[in-house]
Amino acid sequence: MQIDLRSDTVTRPSTGMLKAMMSAEVGDDVFGDDPTVNALEKKCAEMFGMEQAVFCPSGTMTNQIAIKVHTQPGDELICEQSSHVYRYEGGGIAFNSGVSVRTVQGDRGRLNPEDIIPNINPDNAHFPKTQLVTIENTSNRGGGSCYSTATLKAISDICRKNKLKIHLDGARIFNALLVTGGNTLELGSLFDSISVCFSKGLGAPAGSVLIGNEKFIYKARRIRKVLGGGMRQSGIYASACIYALDNNIARLKEDHRRAKILESCLSNQPYVEKILPVETNIIIIHLQKTLETDTFVNYLAQNSLKAVSTGPQQVRFVTHLDFDDEQLAKACDILENFKKM
Ligand SMILES: *Cc1c(COP(=O)(O)O)cnc(C)c1O
């Protein structure tokens, strides 16, 4: 039995999803002719109470388009130091937008509202113009941590009062909403743009939408084309995303439940120094200093359990829709047996 907990992106489309893909009505989306893509975009915009949406191949692209549309070269954006947009998008902020980044140390990937104002540059020719704040919910490097709705409101208020744009990297936004109980319409009212991923916990093979107002999405479509993200009969993919929205949101709580069980199993192991509090489907552990990370990760791999190291002494496990209770029991056994070596 192979158990792959490297990421929630490793899932394969289910039979139901494949069926939806096989029967999708399609057209050339660059001409605006793909009815399934149009339906997905409309569904997402309505879900978050925003005007429009644009379908893209990846979450990296939706984030990078948002940053490009919200800024001019030479501007600056503020984000938490462990943000995906800064650490895991290949330097795209500099490459695509010519924007500098003011990183701020927050709490497990979450930006503290009180850290925004001190990091806004004065309106003076010496300084880059602070233009945008990006928020990540759930935070990937923060171990799947979530913002409370109150904190998001506070951040949004500060941005609006200070004329800053605000973008939400909502790659795992449905994991967050299940835990914090906020709703999508309320969330939509707090941001100028939101990106959502379908290839994470929602289990689609690819796809992300960027949501915003009409003017923003008009510009976003142009940038999508420039980046090579204009796809043709992409309704094949969009149908998988619609299927995911209709069928795979509520079940994320199963991933959260299994993540909590893994957390309690790991918390008993002598080789684990600490575990970031598990809120959603990501578990990040810190290994005891005496244990080499590679030794541990290789032991897991030899026992058919895949996990990734995300830094010195750090190992990450992510639960997902192809990880069931039987695999969970086996994973706990494997983790349990390490100390006996
Ligand atoms: C996965 C992820 C993305 C987008 O990644 P892609 O692989 O390009 O779809 C963006 N933000 C966060 C927080 C992510 O975890």
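The values are calculated or read from the model by the stated rules, or taken from the named source; none is laboratory data. Predicted, not measured: the structure shown is a model, and the values here were computed from it. Backbone-built Cβ (ideal geometry, glycine too); neighbour counts: all protein chains shown. Surface accessibility is based on the protein's heavy atoms, side chains included, excluding ligands, DNA and RNA. Shrake-Rupley method; radii C 1.70, N 1.55, O 1.52, S 1.80 Å.
Listing for the model above:
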| quantity | calculated |
| --- | --- |
| Simple spin-label estimate for Glu336 and Met1 in nanometres, 7 Å along Cα-Cβ | 1.2 |
| Amide H contacts under 5 Å for Gln313, placed H, 5+ residues apart | Thr293 |
| Between the stretch 117-157 and the stretch 198-227, the alpha-carbon center distance in angstrom | 21 |
| Theoretical gain in end-to-end length, Asp157 to Ser100 [0.36 nm per residue, Cα-Cα removed] | 18.2 nm |
| In Hz, Karplus ³J(HN,Hα) per residue of the stretch 166-176 (6.51, -1.76, 1.60; θ = phi - 60°; x = Gly, Pro) | 9, 10, 9, 7, x, 3, 10, 5, 6, 4, 5 |
| Degrees, to the nearest 10: 235-247 long Cα axis against longest axis of the chain | 60 |
| Other-chain or far-sequence residues with amide H under 5 Å of Val272's (modelled H) | Gln288 |
| Links that overshoot a 24 Å alpha carbon limit, given the list Lys289/Lys330; Lys42/Lys163; Lys19/Lys42; Lys161/Lys253; Lys260/Lys339; Lys129/Lys165 | Lys289/Lys330; Lys42/Lys163; Lys161/Lys253 |
| For the chain, Cys with no neighbouring Cys Cβ under 4.7 Å | Cys44, Cys56, Cys79, Cys146, Cys159, Cys197, Cys241 |
| Charge dipole magnitude, Cβ of K and R +1, D and E -1 - the stretch 46-107, Cα centre, debye nearest 20 | 220 |
| Degrees between helix 59-70 axis and first principal axis of the chain (Cα, 0 to 90, nearest 10) | 30 |
| Per residue solvent-accessible surface (Å²) - the stretch 214-341, probe of 1.4 Å | 48 |
| Förster-model FRET efficiency, 25 Å R0, Asp322 and Arg257, C-beta, rounded to 0.05 | 0.95 |
| Computed magnitude of the charge dipole of the stretch 242-286 (debye, nearest 20; Cβ of K, R +1, Cβ of D, E -1) | 100 |
| Calculated from backbone phi, Karplus (6.51, -1.76, 1.60) coupling profile of the stretch 159-164 in Hz, x at Gly/Pro | 4, 5, 4, 9, 6, 9 |
| For the stretch 1-159: accessible area per residue (Å², 1.4 Å) | 43 |
| The chain, helix-only ellipticity at 222 nm - DSSP H runs n ≥ 4, -39,500 (n - 2.57), divided by all residues, nearest 500 | -12000 deg cm²/dmol |
| For the stretch 15-247, size of Cβ-based charge dipole, Lys and Arg +1, Asp and Glu -1, in debye | 280 |
| Leading residue at positive end of dipole, the chain (Cβ point charges), from Leu40, His167, Gly207 | His167 |
| Heavy-atom accessible surface of the stretch 251-340: percent carbon and sulfur, 1.4 Å | 49 |
| Dipole of the stretch 251-340 [Lys/Arg +1, Asp/Glu -1 at C-beta], most positive-end residue of Asn303, Ile284, Leu321 | Ile284 |
